[in-house]
Amino acid sequence: MYNTKAYSAASATSALSFTQIGRRDLTEHDVQIEILFCGICHSDIHSVRNEWSSVMPTTYPIVPGHEIVGRVTQVGSAVTKYKPDDLAAVGCLVDSDGTCPHCQANLEQFCPNLTFTFNSPDKHLGGVTYGGYSDSIVVDERFVLRVPTNLNLPGVAPLLCAGITTYSPLRHWGVTKGKKVGVVGLGGLGHMGVKFAHAFGAHVVVFTTSPDKKEDALRLGADEVVVSRNADEMQQHAGSFDFILDTVSANHDINAYLNLLRLDGNITLVGAPEKPLDVSAFSLIMARRSLSGSSIGGIAETQEMLDFCGKHNITADVEVIPIQKVNEAYERLLKSDVKYRFCIDMASLKSA
């Protein structure tokens, strides 16, 4: 085991602060990565503040971060896909059982024995896994991803969560040229949904409660922008969408969007509102519509997404910060005061 610098929280009410953590020595299948950039995801805040205690209680101290981009420094003797100095990435998962039907189908995100990048039981060292707010990380080769060399690295980091979270359902539901696609919300997830749907060739409509977001939505690739509080604008699109990606985590009326779907249309949730949704059965029944959810993607699909981004030069819009401003970034993120994701320059940790 070796020590590395990190930022951690000691309790649900503590600020993140400097610490040192242990990382395992390489096994024959491991890759050691020097972390260059790490995105800040809203789930980092939920976990740090133990807001998912009923589902995933937090073990302290916690080192968050699952949007990791770095450079390979060492590889185990059996590693074949990576070599020192390669650019590499790590997302939300660092292990799974590899034998269940989900893993066999390249759907590791649904494995009943998966290991998350942070706050998951660490089968190597005991305790829990520590995430990307740190100098380095050691990960099994199967869960390391290749980074296209033409992309801006800070903008790549959020692709490991926000990117795959939006790419996966768009692919699953067959979004292609000629499809009419709605994206509800223009935040960290929504802005990636717009970029991907546009790159797939769809006609993209953004739904927002903020009229002042129209210009930015069009810049990101939207063809139209609808202010969702305007009933007339909403009615003009009734029964016309093939697919709607709902990225909003605030409580909202899902039926208003179900009624915009055409026959056999689907709306997929990637946001997670605090309160249960009140769904009208008739909104579904009368046009054979469907309502579904989606999380991230498997490792193969995440690599596909990164390769797609390399081909189309797609990255997240980020504000790069030093690690010393992470607590300020958390407060700003809660106020939606960022366009559209924070990314930590981990070189700043060296001076901590």
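The values are calculated or read from the model by the stated rules, or taken from the named source; none is laboratory data. In this text the structure is predicted, and so the values were computed from the model without any measurement. Every residue, glycine among them, receives a Cβ derived from its backbone with ideal geometry; neighbour counts consider all protein chains shown. Remember, those area values only see protein heavy atoms, side chains included, never the ligands or the DNA or RNA. Shrake-Rupley method; radii C 1.70, N 1.55, O 1.52, S 1.80 Å.
Odds and ends about this structure:
- Chain lengthening between S336 and V320 when straightened (0.36 nm per residue, less Cα-Cα): 4.2 nm
- The range 262-303 shape via C-alpha gyration tensor axes, a/c threshold 1.5: oblate
- Amide H contacts for F241 (H built 1.01 Å from N in the peptide plane; partners 5 or more residues away or on another chain; cut-off under 5 Å): L261, R262.
- Rounded, prolate or oblate (a/c below 1.5 giving rounded, otherwise prolate when a/b exceeds b/c) for the range 162-293 by Cα gyration tensor: rounded
- Neighbours of E301 by Cβ distance under 10 Å: Lys/Arg scored +1, Asp/Glu scored -1, total -1.
- Residue order for K335, K325, K81 - accessible surface, 1.4 angstrom probe, largest first: K335, K81, K325
- A viscosity of 1.567 mPa s and a temperature of 4 °C, combined with the Kirkwood radius over C-alpha pairs in the Stokes-Einstein formula, give the chain a diffusion coefficient of 62 µm²/s.
- Potential lengthening between T59 and A15 on full extension [0.36 nm per residue; Cα-Cα distance subtracted]: 14.3 nm
- Taking all protein chains together and rolling a 1.4 Å probe, M346 ends up with roughly 0 Å² accessible.
- In Hz, Karplus ³J(HN,Hα) per residue of the range 96-101 (6.51, -1.76, 1.60; θ = phi - 60°; x = Gly, Pro): 7, 6, x, 10, 6, x
- Scattering from the range 122-197 was approximated by placing one identical point on each alpha carbon and applying the Debye formula without solvent; log10 I(q)/I(0) at 0.11, 0.13, 0.15 1/Å stands at -0.43, -0.57, -0.72.
- Counting heavy atoms of the protein chains alone, E304 has an accessible area of about 70 Å² for a 1.4 Å probe.
- Relative contact order of the range 162-293, defined on C-alpha pairs under 8 angstrom at six or more residues apart (%): 21
- Cβ-defined net charge surrounding T27, 11 Å radius [Lys, Arg +1; Asp, Glu -1]: -4
- Under 17 Å from the Cα of K5 - lysines, other chains or at least 8 residues apart: K325, K350
- When F308, F282 are compared by accessible surface with a 1.4 Å probe, the order from highest to lowest is F282, F308.
- The range 18-78 - percent relative contact order, Cα under 8 Å, separation 6 or more: 54
- Paramagnetic reach from S295 in the range 177-212 [backbone N under 20 Å; point 7 Å along Cα→Cβ]: 189-190
- Under 10 Å, Cβ to Cβ, from I267 - net charge with Lys/Arg +1 and Asp/Glu -1: 0
- Counted as membrane-span-like here are DSSP H helices of the chain whose alpha-carbon atoms extend 18 Å or more along the helix's own axis and whose Kyte-Doolittle mean is -0.5 or above; these are 299-312.
- Summary of packing: across the peptides 30-36, 236-242, the per-residue average of other C-beta atoms within 10 Å ranks them, highest first, as 30-36, 236-242.
- Helix-only [θ]222 nm of the chain, DSSP H runs n ≥ 4, -39500 (n - 2.57) each, per residue, nearest 500: -6000 deg cm²/dmol
- Taking label positions 7 Å along the Cα-Cβ direction at both L218 and A287, the computed distance is 2.6 nm, reported to one decimal.
- According to the calculation over all Cα-Cα pairs in the range 48-89, the P(r) per 5 Å bin from zero is 5, 18, 16, 13, 10, 11, 14, 11, 1 %.
- Spatially close Lys pairs in the range 162-293, defined by Cα atoms under 20 Å apart and a spacing of eight or more places or different chains, total 6.
- Largest to smallest in accessible area, the residues L26, L306 fall in the order L26, L306 (1.4 Å probe, all protein chains included).
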